[in-house]
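What follows is calculated from the coordinates using simple rules that are stated; it is not laboratory data. Please read all numbers here as calculations on a predicted model, not as lab measurements. Note that each Cβ is placed from the backbone with ideal geometry, even for glycine, and that neighbours are counted across all protein chains shown.
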Amino acid sequence: MMIMKKNYKSEVIGMDEKTVVAGMSISEWKEKYPLMHKVINLEEAFWTNGKYESFEDAIKKVEIGMDDVKDAEERLKRFAPYIAKVFPATRESGGIIESPTVRIPKMKTEVETFYNTQIKGELLLKCDSHLAISGSIKARGGIYEVLKHAEELAMEAGLLSVEDDYSKLDSDDFRNFFSGYSIAVGSTGNLGLSIGIMSAQLGFKVYVHMSADAKQWKKDLLRSKGVTVVEYESDYSIAVEEGRKQSEGDPKMYFVDDENSKNLFMGYAVAASRLKGQLDDLGVKVDSEHPLFVYLPCGVGGGPGGVAFGLKLMFKDNVHCFFAEPTHSPCMLIGLMSGLHDKVCVQDFGIDNKTAADGLAVGRASGFVGKVLENLISGSYSVKDETMYMMLSKMIDSESIRLEPSALAGVPGAAMLLGDALGQEYIRARGLENLMDNSSHIAWATGGSMVPADIMDEYYSTGKRLLEEL
Ligand SMILES: *Cc1c(COP(=O)(O)O)cnc(C)c1O
């Protein structure tokens, strides 16, 4: 096990301007990409994508599409009877794991006051924080990939066919069968939770390689379910690397590769069609007169990237998706802006990847996701940990919704878009300025319902204290 020195102090490591990253000195980087001044100084930064294209043009360059998302949707339907049987919390929805979408008008006023900006249009919250089974967005992709793998194994062995009632998987025969196989994953916490809980339920042996960011309660919960948790004092990339190494050379071990997985991505993408139905029910229109803006907290990129991809397939040019990252881990912002994706990491620029937003504590973005979304994503921005904490307290006070710090990164997105010169330019360039009163903004709340009450209280008081100090 590789041990790196723990250093939780949030401070800029400090890089010599002459340090060369991907063939350019840091000062050349700053000259070529002026936003790098802010990024390196850990200031909040808002970036819009110069390579953004119309949906029609952009989708031609991508090899995956609606058929892949439909395939994932069908698979989740096949598993629904099983899910409903083993996770009672999903019975009401017939074994479909889905979260509510709600209007948050009081929080909108709070954000407007905080940023001293008017948010034109409505603000809504997508509560993946309250997804059944694992309480985060990872209940989409993570669970989907485990189910897909289980289906493949069982079908290859002649034990299952698509016509079957999948609730038969809840039996000693199937658990015995799956116990001959194992699953490994590297995680900052939540992916481990969802992969661990789902795999253990099916009967797999599970190894979760946890980065130093992972919270103790997540490790405890997994161990209570018989999952083997391997702990590292280093960051997410190392945890993933170790998981990958462990599974190499073991044909019975399956590695869930968060940095490259198309399966995870498709599991996340299914969110779009579900959201469409919810928006219809809420009377929220999305069309050429009613633009939709979506703000997605981003770690390695699979979750927000998959959701954004699904949304683009669904709403095409009428949806505008932005990634949100901590100022200490803006890997996707740097990867997209430079077009270098996973060839650079935040540490290259002296940025420490130390953040309270553990779900977003990723220093190197997924190359797969960055490339798929290269021409489809509207932009990306970074928020300070302090901002996330303050938003966390405000969300509890105004709307009584409890989220983990990562899940708040999307909340200031609308204010940042409308308050930033580049954001204004994005709106003008697409002829949207007269439509903004008709617009909707969705902040994707990615986790929080499983956070123990005492830890949530600490988050809350941290936010309150920061607000008082303002
Ligand atoms: C994992 C996670 C994200 C981001 O997903 P990625 O696939 O890592 O980009 C956002 N919020 C929370 C709470 C998460 O756990």
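Among DSSP beta bridges lying fully in the chain, give the percent that are antiparallel, nearest 5. Bridges in the chain that DSSP calls antiparallel: roughly 20 percent. Protection proxy ranking of 228-235, 391-398, by the mean of other Cβ atoms within 10 Å over each peptide's residues and highest first, is 391-398, 228-235. The stretch between Trp217 and Asp170, if pulled fully straight at 0.36 nm per residue, gains 14.2 nm over its current Cα-Cα span. For the range 41-94, the list of trypsin sites (Lys or Arg not before Pro) that fall in a loop by DSSP and count at most 14 other C-beta atoms within 10 angstrom reads Lys51, Lys61, Arg91. Within the shell of other residues whose beta carbon sits under 15 angstrom from the beta carbon of Asp128, the net charge comes to +3, with Lys and Arg scored +1 and Asp and Glu -1.
Which of the pairs Lys126/Lys205; Lys205/Lys245; Lys148/Lys168; Lys262/Lys371 have their Cα atoms more than 21 Å apart in this structure?
Beyond 21 Å between Cα atoms: Lys126/Lys205.
Distances between placed amide hydrogens fall under 5 Å for Ile401 paired with Ile396, all partners being 5 or more residues away or on another chain. Cross-link partners of Lys316 among lysines, defined as those whose alpha carbon lies under 17 angstrom from its own and excluding same-chain residues fewer than eight positions apart: Lys51, Lys60, Lys61, Lys70, Lys276, Lys285.
Taking the centroid of alpha carbons for each part, the range 37-106 and the range 373-408 are 17 Å apart. A helix-only calculation puts the chain at -13500 deg cm²/dmol for mean residue ellipticity at 222 nm, using -39500 (n - 2.57) for each DSSP H run of at least four residues, averaged over all residues. In sequence order, the range 40-56 has phi-based couplings of 5, 7, 6, 8, 5, 10, 10, 10, 10, 7, x, 9, 4, 10, 4, 4, 4 Hz under the Karplus curve 6.51 cos²θ - 1.76 cosθ + 1.60, θ = phi - 60°, and Gly or Pro positions carry x. Across the alpha-carbon set of the chain, the Rg to Rh ratio works out to 0.95, Rh being the Kirkwood radius. If you wrap the range 138-260 in the convex hull of its Cα atoms and look at it from every side, the mean projected area works out to 7.3 nm².
In terms of its C-alpha gyration tensor, the range 284-440 has an oblate overall shape, because the principal axis ratio a/c (a ≥ b ≥ c, square roots of the eigenvalues) is not below 1.5 and a/b does not outweigh b/c.
Overall, the chain carries a charge dipole of about 260 debye about its Cα centre when +1 sits on the Cβ of Lys and Arg and -1 on the Cβ of Asp and Glu, all other atoms neutral. For Val294, the residues whose modelled amide H falls within less than 5 Å of its own, excluding neighbours fewer than 5 places apart on the same chain, are His320, Cys321, Phe322, Ile442. Between the listed residues Leu202, Gly267, Ile119, the Cα displaced farthest toward the positive end of the dipole of the chain, a dipole computed from Cβ unit charges relative to the Cα centre, is found at Leu202. The H on the amide N of Ala184, modeled in the peptide plane, is under 5 Å from the matching H of Tyr207, Tyr254, Phe255, Val256, each at least 5 residues off or on a different chain. Per-residue 3J(HN,Hα) values for the range 367-379, derived from phi via the Karplus relation 6.51 cos²θ - 1.76 cosθ + 1.60 with θ = phi - 60°, read x, 4, 5, x, 6, 4, 9, 3, 10, 10, 8, 7, x Hz in sequence order (x marks Gly and Pro). Taking a straight line from the alpha carbon of Lys215, these aspartates and glutamates sit under 14 Å away, with near neighbours fewer than eight places off in the same chain left out: Glu231, Glu233, Asp235, Asp358, Glu404, Asp454, Glu458.
Determine the relative contact order of the range 138-260: mean sequence separation of Cα pairs under 8 Å and six or more apart, normalised by residue count, in whole percent.
The normalised contact order for the range 138-260 reaches 27 percent.
Relative contact order, whole percent, for the chain stands at 22, derived from Cα pairs under 8 Å and 6 or more residues apart. Sorting Phe315, Phe323 from the fewest to the most surrounding beta carbons within 10 angstrom yields Phe315, Phe323. Couplings 3J(HN,Hα) of the range 76-82, computed from phi: 5, 5, 4, 7, 3, x, 5 Hz, in residue order, whole Hz [Karplus 6.51 cos²θ - 1.76 cosθ + 1.60, θ = phi - 60°; x for Gly and Pro].
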